[in-house]
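The values are calculated or read from the model by the stated rules, or taken from the named source; none is laboratory data. Small disclaimer: the values here were computed from a predicted structure and weren't measured. Here the Cβ positions follow ideal geometry from the backbone for every residue, glycine too, while neighbour counts run over all protein chains shown.
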């Protein structure tokens, strides 16, 4: 009898203490990123952080590999993997810019995809997300489908690989019960965990047109999501809130009423998130211009810049299309190199002793407006501040 | 003592059953509430969208375009607007940065009505970062409409509003007419717009 009572008491106790799974790990180390939108410094000179041997790679142009609209670039296996959302394919170029091959298997068949929304490279395999068919699909180096994983009720907007996990995030209205915000897939044991780890805030923050929602570096992925002011970290299967961000003013973080006119001066959200070993970089549009907020992880300080420039290359502005702890890749359209002669062409500003001047000059002389873009691949120095 | 223990056991059982029912009811309530919140959020968002779209209609309808302004052809040459609008034209204005699904849906509907409107009477105005986009866009979508890049001055008059839009331009009338922002969620409304402009502006082409 005593045992029964004890058992029932324990059951009642455990029942009352049940906890939701997949909740983020509570962290006392959430730092606040204060982004002062009025304290904007001219530009950040990247030349202090990068080694002098910047790789300038003009991508081969021919009918087979004409790139319409670059959505994402990844550099691994001495290869540039480029997702062209317009032609719905991933093109591979070697590190000299020579076209290697492409993943082009769009179609209605079971081995095919409808639309590539995101991708990661795992070894030599390419994992793509295909929201239209609600799957993530793995293609091997011969572009044969080797695995297909159903993603019920989850639209993948951001994807990063953190061995052996594929981290995926959503960016939709998180009010629905089924509307998970995160999915972690273990490619070894084939298990996936959906998670809705945080409740939406009563806010109008919606990162519209976000290009980079998840940032991988040093074995962890940082990510942001709409209707929340927190940057989370995913390490393996663990999700931890690490930073909260706040713009000093003009941030549309209040619930807008139906008849309330929205000011064009409002900062509406973030369009890009990157991280290196020392910094977190946030890109946000302010009055139709992109601003770069660089947060130093050690100093816990944030500085805002109009742009990032490479002084050694004629003050060329650098828009990061890929960034991790080792490198920054910036893609330049031919038109931006051909018609930069407002007052003085940037080539004139490059020191004549700089060997890159001659290389750039030769590349530009062979460029046409319809040529494929040029890749500027910068490698960080060991003592880089960024 | 036995009676007391029996009573205690009964109370405990009743508590467990009560907590179980309470938990289930709470789950059901949460589910209903979540659905309701989701529905209201969607309604609210649609109301915002409609309001914004109506504002754009008021802003754009009747706007006069300077027909001396130029657009850039696929070949890279410039051409003034008055050379394009030599007859009634349906213009589809979009940007490379607009949502892909929104553009794809409109291209499908344009292809569907192209025979009735006439390929020559459909013009695409695009903002893109490179000329390859226009070449690839035609190839990928297998379309035969003319596609032009806007000059920066014309872009001020026909700005990218983050959503693709349609309007009608007529010969000897430099004003924007029948401005319409299609929404992918309201496909029937777009169909209605096309039926309306077919009757109003392209009746002869329709009869052919």
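Figures for the structure shown
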item	result
Matching residues, segment B:138-162, being part of a loop (DSSP other than H, G, I, E, B) and in contact with a helix residue (DSSP H, G or I) (Cβ under 7 Å, 6 or more places away or on another chain)	B:143, B:144, B:145, B:161
Total residues in segment B:135-147, condition under 22 Å from residue B:83 (Cα atoms) and within 20 Å of the chain's Cα centre (by Cα)	4
Residues of segment B:88-106 classified as within 14 Å of chain A (Cβ to nearest Cβ) and closer than 17 Å to residue B:167 by Cβ, total	5
Number of the exception - residue B:185 against (1) at pLDDT 90 or above; (2) in a loop (DSSP other than H, G, I, E, B)	(1)
Segment B:119-137, residues that are within 14 Å of chain A (Cβ to nearest Cβ), surrounded by fewer than 19 Cβ atoms within 10 Å (Cβ to Cβ) and in a helix (DSSP H, G or I)	B:135
Test: residue in segment A:86-94 that is modelled with pLDDT under 95, under 18 Å from residue A:137 (Cα atoms) and assigned to a strand (DSSP E or B)	no
Which numbered condition residue B:156 fails, given (1) more than 14 Å from chain A (Cβ to nearest Cβ); (2) surrounded by fewer than 19 Cβ atoms within 10 Å (Cβ to Cβ)	(1)
From the options B:105, B:116, residue that is in contact (Cβ under 8 Å) with a residue 12 or more places away in the chain, out of contact with any strand residue (DSSP E or B) (no Cβ under 9 Å at 6 or more places or on another chain) and over 30 Å from residue A:117 (Cβ atoms)	B:116
Meets criteria (closer than 30 Å to residue B:158 by Cα and more than 13 Å from chain A (Cβ to nearest Cβ)) for residue B:54	no
Answer from A:84, A:94 - the residue that is within 17 Å of residue B:137 (Cβ to Cβ) and out of contact with any helix residue (DSSP H, G or I) (no Cβ under 7 Å at 6 or more places or on another chain)	A:84
Residue check, residue A:68 at pLDDT 95 or above and under 23 Å from the mean Cα position of the chain (by Cα)	no
Test for residue A:150: is it loosely packed, with under 15 Cβ neighbours inside 10 Å and out of contact with any strand residue (DSSP E or B) (no Cβ under 7 Å at 6 or more places or on another chain)	no
